[in-house]
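First up is the structure itself, then whatever we jot down about it.
The values are calculated or read from the model by the stated rules, or taken from the named source; none is laboratory data. Remember, it's a predicted structure, so these values are computed and weren't measured experimentally. As a convention, Cβ positions derive from the backbone with ideal geometry for all residues, glycine included, and neighbour counts pool all protein chains shown.
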Amino acid sequence: MSLQDLERAIEIHSENIKLATQKHIAEEAAQQATQACMVDYENSLKEKKLQIAKKIFVWVSDFAATDIYKKMLAVISTGGVHIYGGGWGHEVPHNEGFGIWSRLSVRPDGTLCYFAGFKYAGGKQTEFATPEQLADGLNHTYLSRLLNKIETEEVYSIMQNWHFRR
């Protein structure tokens, strides 16, 4: 190998790095454009999300007033009753996959506590005290799935499995 060969190898390597960087920038721009479209779509669902959130809060209010809820709080002593879990409801689009988790609990004060994390690490906790906060804080897919669990009464199986599965 000559010094000229080495110089040519350096030039080729530099050109490959330049092309890879350009490709990465283009892919990043495309991904950001796609994300912007998804956020716009989610924003277009704002009124539907609010209607779903209102239905959820009506159920939460009714459920929190039951003797069953009060008995559960006395027995489980966790500060809230777990009613739903899934992927990340706080991101657009709805995100599910390996290690991604969330849970939603009804607190004694009638608020909803959303906690999301990755694998065994801690995570993000958010309190929702109004339907408007819930609609603004969680995506349409997550809210729709939660409402479905409430309407089909699967939410009670979720509670039983989460709190009393031993």
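Miscellaneous remarks
- Pairs are defined by a Cβ separation below 8 Å, a sequence spacing of at least 6 or placement on different chains, a first member in the stretch 116-128 that is over 16 Å from Asn139 (Cβ atoms), and a second member that is assigned to a loop (DSSP other than H, G, I, E, B); the pairs so defined are Phe118/Gly99; Lys119/Gly99; Glu127/Arg107; Glu127/Thr111.
- Residue in the stretch 74-83 that is closer than 30 Å to Gln32 by Cα and under 19 Å from the mean Cα position of the chain (by Cα) present: no
- Verdict on Ile68 being free of Cβ contacts under 8 Å to residues at least 40 places away in the same chain and among the hydrophobic types (A, V, I, L, M, F, W, C): yes
- Flag set for Arg107, criterion: out of contact with any Ser or Thr (no Cβ under 7 Å at 6 or more places or on another chain) and in contact (Cβ under 8 Å) with a residue 12 or more places away in the chain.
- Hits in the stretch 121-164 (condition: more than 13 Å from His82 (Cα to Cα) and among the basic types (Lys, Arg)): Lys124, Arg145
- Against the criterion of being assigned to a helix (DSSP H, G or I), out of contact with any Gly (no Cβ under 7 Å at 6 or more places or on another chain), assigned by TED's automatic domain parsing to the domain that holds Gly123 and among the β-branched types (Val, Ile, Thr), Ile56 qualifies.
- Hits in the stretch 46-89 - residues which are surrounded by fewer than 17 Cβ atoms within 10 Å (Cβ to Cβ) and more than 22 Å from Ser157 (Cβ to Cβ): Lys46, Glu47, Lys48, Leu50, Gln51, Lys54
- Cross-chain or 6+ apart pairs with Cβ under 6 Å, the stretch 30-47 first and within 15 Å of His140 (Cα to Cα) and without any contact (Cβ under 8 Å) to a residue 40 or more places away in the chain, then in a helix (DSSP H, G or I) and not β-branched (Val, Ile, Thr): none
Residues checked against (1) of a type in the set (A, V, I, L, M); (2) in contact with a helix residue (DSSP H, G or I) (Cβ under 7 Å, 6 or more places away or on another chain); (3) in the same structural domain as Tyr142 (by TED's automatic domain parsing):
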site: Thr78; (1), (2), (3): no, no, yes
site: Tyr84; (1), (2), (3): no, yes, yes
site: Gly99; (1), (2), (3): no, no, yes
site: Ser105; (1), (2), (3): no, no, yes
site: Pro108; (1), (2), (3): no, yes, yes
site: Leu112; (1), (2), (3): yes, yes, yes
site: Lys119; (1), (2), (3): no, no, yes
